[in-house]
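Before I ask anything, here is the structure I am working with.
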Amino acid sequence: MSGARPTNESTLSRIAGETLLAGYRLFGRLVTPLLPLLHARRMRRGKEDPARRGERFGRASLARPDGPLVWLHAASVGEMNAAQALIASLAETGVTVLLTTGTVTSARIAASQRRPGVLHQFVPYDTPGNISRFLDHWRPDLAITLESEIWPTTIHLLHARGIPLVIASATMSERTRAGWNKVPFVARRIFSRLTLCLAQTQGDAERLAGFGVPRVEVSGNLKYDSQKLAADPRALEDLRTALGSRPRWLAASTHEGEETIAASVHETLEARGLADLVTIVVPRHPERGEIIANDLSARGLRVARRSAGEIPDAGTQIYLADTIGELGLFYRLAPVAFIGKSLVPEGGQNPLEAARLSTAILTGPHVFNLQDIYTPLIDAGGALVVEDEARLTDQVERLLRDPDAARHVAVLAGDVTDAGSGALAATLDALSSWLPIPARQDGT
């Protein structure tokens, strides 16, 4: 009797998991009539593109090209930037790459980075009707998602159609595992339908395998292999000319509240003698540009806005770069950068983009979403933690007054970035068994 018990428990768990997932899909069908209302609300808040509304409901705005097609999903800007080298490598094999993202900002960046063989669509809402329409039209030969995107209906329908699904640069933190452990019978039903997980670390691999992923390999973090952020050479030269020898620092990918901190740092440093200082602010969400400009101007600061076509002049104190896809320009201009979403408890932004462009990195303490990247950087001295506004002020001043110290921090960050590379090659090697035939005609 005791020997049969685990089988019975396993069967009951399987039934329970399938029942709950069926309930999730039923819920998706039931709420489908309400999704247009949700979408309209998101449009009013600037979070959706009205011209491409149909894509979110699985209605394609582009024709499917002939030949094999790989669907690659990157949730937002960070994942999309990390995937650029992988996307380029896949497109070079001759397959069409369908890139989906879920944010307006990522869509704008994708439009600015168009390359042959790569199409962009917004990812559909995870309901049976939306995903079925999407799959009926695009008929992908392989699906790849980045990092930790888990959508139960999408996974179920890909599995039902026999379309392999790979998670690349996959992560699962202890916190996430604890969450899934509350419903392990559901987790196993979801993760067992994945074809392959290419984990960032051995720890990620063990946690993923524990939920029944059929095949798990450690391939590393694609963020370490992503390309340098691009910069328009003419724009770079124009800004270098405009700024001249003035000291400047960058507050990059800032979130609400961090622009005010950057303004206070600027005011304090001016009072300490850096009278010609320029602070460059690049908000994570450029649509907030007008609000930020008004707030900083109300403090008496002279603000120039890039979205208005303005170039900093001799009187500019804050240069607000509220545009899309130009962060690479400002990392090249500033020797010191504070990476945002970290002085507010939001989890941090990718610092490797700054490391690749030889910018000294400062970060707040709230980087829990990117601990695997920040830990080696901080341990090596390639990123300096600033706990609050006062500490940020002190470090910006120190690094601006001591260029050799700033360069040293940047070099250490570059060393960590170089040491972590190799994920792209490992990912492509692991994917070779699943890529459509034209991608393997050269034997790779």
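What's the angle, to the nearest 10 degrees (0 to 90), between helix 233-243's Cα axis and the longest principal axis of the chain?
Between the helix axis and the principal axis of the chain, the angle is about 40 degrees.
Under the 0.36 nm per residue contour assumption, what length would be gained going from the current alpha-carbon distance of Ile311 and Arg401 to full extension?
Additional length available on full extension: 29.9 nm.
Give me the accessible area of Lys228, 1.4 Å probe, in Å² rounded to the nearest 10.
Solvent-accessible area, nearest 10 Å²: 130 Å².
Now a separate question. Determine the shape class of region 235-366: with a ≥ b ≥ c the square roots of the Cα gyration tensor eigenvalues, call it rounded for a/c under 1.5, and otherwise prolate if a/b is greater than b/c, oblate otherwise.
rounded
Output the relative contact order of the chain, whole-number percent, from Cα pairs under 8 angstrom with separation of 6+ residues.
14
Straight-line reach from Lys341: which lysines have Cα under 24 Å away, leaving out those fewer than 8 places along the same chain?
Those lysines meeting the cut-off are Lys47, Lys223, Lys228.
How do Trp138, Trp434 rank by accessible surface area computed with a 1.4 Å probe, from largest to smallest?
I get Trp434, Trp138, largest accessible area first.
Separation between the Ser192 and Lys47 pseudo-spin-labels, each 7 Å from Cα along Cα→Cβ, expressed in nm?
Taking the two extended label points, one gets 3.4 nm.
Efficiency by 1/(1 + (r/R0)^6): what FRET value for Ile150 and Val344, r their Cβ-Cβ distance, R0 = 22 Å, to the nearest 0.05?
0.30
Would you mind telling me which residue in Leu320, Leu30, Leu357 has the biggest mean-square fluctuation in a Gaussian network model of the chain, where springs connect alpha carbons within a distance under 10 angstrom?
Highest fluctuation of the listed residues: Leu30.
Rolling a 1.4 angstrom probe over the protein chains, ignoring ligands and nucleic acids, what is the accessible area of Ser76 in square angstrom, nearest 10?
That residue has around 30 Å² of solvent-accessible surface.
Then there's this: Region 316-373 to region 16-72: how many Å between their Cα centroids?
32
Also, I was wondering about something else. Given a Förster distance of 60 Å, report the FRET efficiency between Thr19 and Ala298 from their Cβ-Cβ distance, rounded to the nearest 0.05.
So the FRET efficiency works out to roughly 0.60.
With runs of 4+ DSSP H residues as the only contributors, calculate the mean residue ellipticity of the chain at 222 nm using -39,500 (n - 2.57) per run, divided by the residue total and rounded to the nearest 500.
Helix contribution divided over all residues of the chain: -14000 deg cm²/dmol.
Further, regarding this structure: Obtain the radius of gyration and the Kirkwood radius of region 281-357 from its C-alpha atoms and give Rg over Rh.
0.96
Counting alpha carbon pairs within less than 8 Å and at least 6 residues apart, what relative contact order, in whole percent, applies to region 43-174?
In percent, rounded to a whole number, it is 28.
Sticking with this structure for a sec: What figure in square angstrom, to the nearest 10, would you give for the accessible area of His137 with a 1.4 Å probe?
Here the residue's solvent-accessible area equals roughly 60 Å².
Which value does Rg/Rh take for region 369-425 over its C-alpha atoms, Rh per Kirkwood?
Here the Rg-to-Rh quotient is 1.05.
Here's a follow-up. Compute the accessible area per residue over region 291-444, keeping the other protein chains in place, probe 1.4 Å, unit Å².
42
Still on this structure: In whole Hz, what ³J(HN,Hα) sequence does region 253-265 give by Karplus (6.51, -1.76, 1.60; θ = phi - 60°), x for Gly and Pro?
Each residue of region 253-265 in turn: 6, 6, 10, 3, x, 7, 5, 5, 4, 4, 5, 5, 4 Hz.
Using a 1.4 Å probe on the protein chains only, how many percent of the accessible area of region 134-245 belongs to carbon and sulfur?
49
A further question follows. Test of understanding: extend the Cα→C-beta vector of Ser10 to 7 Å, then name every residue of region 205-226 with backbone N under 16 Å from that spot.
Label zone hits: 210-214.
Further question on the same structure: Please compute the length gained on full extension between Ser61 and Thr375, using 0.36 nm multiplied by the number of residues separating them and subtracting their Cα-Cα distance.
108.8 nm
For Ser112 and His408, what is the calculated FRET efficiency with R₀ set at 41 Å and r taken between the beta-carbons, to the nearest 0.05?
With a Förster radius of 41 Å, E is 0.75.
The values are calculated or read from the model by the stated rules, or taken from the named source; none is laboratory data. None of these values were measured; they are calculated from a predicted model. In this analysis, Cβ positions are derived from the backbone assuming ideal geometry, glycine residues included, and neighbour counts consider all displayed protein chains. Side chains are part of the model used for accessible areas, which takes the heavy atoms of the whole protein and leaves out ligands, DNA and RNA. Shrake-Rupley method; radii C 1.70, N 1.55, O 1.52, S 1.80 Å.
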